[in-house]
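Have a look at the structure below before the remarks.
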């Protein structure tokens with residue numbers, strides 16, 4: 001029996017061209033029973049899920065689009081019963097990179113109908129908000145803010161430009177960081193960035209937490225104290241290569257409960273920017289949802 005799918009996407013949001021989208025839908029339809037729905041408003045996702053309760057949603061988009069669908073399933077109490085497929089058509093596609101999903105949308109689409117359901121961990125905050133891939137607090141959020149208006153023109157390169165601009169401006173924040181109740185940073189030193197990785201990369205392949213695995217029951221927490229001009233430069237260069245963990249000014253720990261408080265600081269959750277707040281916290285829920293991923 002062929003898999004029953006509902007493809008969810010918003011062509012107006014950018015990503016790939018109409019020809020690519022049509023090729024993706026043809027590839028899905030070759031081996032599965034597929035209906036296609038366009039979502040433009042926040043309530044559209046719920047209407048699609050209501051209309052097709054027996055179909056697994058397949059997200060045609062990036063980490064932000066996937067984030068919104070999984071959040072809707074969590075709010076509906078359906079996260080444990082409806083697996084989610086992903087055809088990466090966003091700018092960064094970082095969770096797809098971690099999961100080994102092909103970044104070519106056509107190739108990824110051919111794998112969804114015969115993929116396997118893989119349980120993945122989920123980070124949930126105290127208001128019920130979620131993180132699938134990674135959250136970065138501090139300069140990383142500022143970099144994303146700078147990159148956002150550049151994405152239509154520069155695509156992935158927008159992240160590098162945003163990071164350069166943000167890195168020259170940020171002076172750090174006094175933050176306290178606790179992981180599983182243990183104080184990792186006490187707020188006396190300024191912090192450039194706190195990253196919480198369920199997946200390994202951010203910003204289209206930057207390996208923030210290169211050892212993170214989204215199904216191991218732990219989140220990787222990366223704290224950078226590199227706030228001087230020279231330290232920021234070195235940190236940024238090594239971060240692009242995944243070598244930042246070797247710096248004395250970087251601390252990496254693992255855990256299931258993360259709390260950050262202190263000076264108001266912005267955050268980026270799966271590519272979605274959040275304004276500065278004095279407190280952020282997340283708890284990891286192991287094997288909380290299932291993604292349809294390549295088998296073998």
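Bear in mind that the values in this text are calculations on the coordinates, not laboratory data. These numbers were taken from a predicted model, which means no experiment stands behind them. Cβ atoms come from the backbone with ideal geometry, glycine included; neighbour counts cover every protein chain shown.
So here's what we get for this one:
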read-out: Relative contact order, percent, segment 242-283 [alpha-carbon distance under 8 Å, six or more residues apart]; value: 36
read-out: DSSP-defined antiparallel bridges as percent of all bridges, the chain, nearest 5; value: 75
read-out: Calculated Rg and Dmax of the chain using C-alpha coordinates, Å; value: 18.9, 60
read-out: Stretchable slack from residue 171 to residue 274, in nm (0.36 nm times residue separation minus alpha-carbon distance); value: 35.2 nm
read-out: 52, 67, 136 arranged by Cβ crowding within 10 Å, fewest neighbours leading; value: 52, 67, 136
read-out: Packing-based exposure ordering (other Cβ within 10 Å, fewest first) of 173, 230; value: 230, 173
read-out: Tensor-based shape of segment 1-137 (alpha-carbon gyration tensor, a/c under 1.5 rounded, otherwise prolate or oblate); value: rounded
read-out: Value of [θ]222 nm, deg cm²/dmol, for the chain, DSSP H segments ≥ 4, -39500 (n - 2.57) each, nearest 500; value: -8500 deg cm²/dmol
read-out: Spacing of the two label points (7 Å from each Cα toward its C-beta) at residue 186 and residue 247, in nm; value: 2.3
read-out: Segment residue 78-residue 287, length gained on full extension (0.36 nm per residue, minus Cα span); value: 73.9 nm
read-out: Sorted by Cβ density within 10 Å, fewest first, the residues 91, 20; value: 20, 91
read-out: Tensor-based shape of segment 1-70 (alpha-carbon gyration tensor, a/c under 1.5 rounded, otherwise prolate or oblate); value: oblate
read-out: Choice from 277, 226, 71 showing the highest fluctuation, given a GNM over the chain with Cα pairs closer than 10 Å; value: 277
read-out: Mean separation of Cα contacts under 8 Å, 6 or more apart, over the residue count of the chain: relative contact order %; value: 21
read-out: Distance from segment 176-193 to segment 240-296 (C-alpha centre basis), Å; value: 14
read-out: Rounded if a/c under 1.5, otherwise prolate or oblate - segment 198-296, Cα gyration tensor axes; value: oblate
read-out: Choice from 115, 140, 43 with maximal GNM fluctuation in the chain (Cα, 10 Å cutoff); value: 43
read-out: Angle between the chain longest axis and helix 229-241 axis [Cα atoms, degrees, rounded to 10]; value: 30
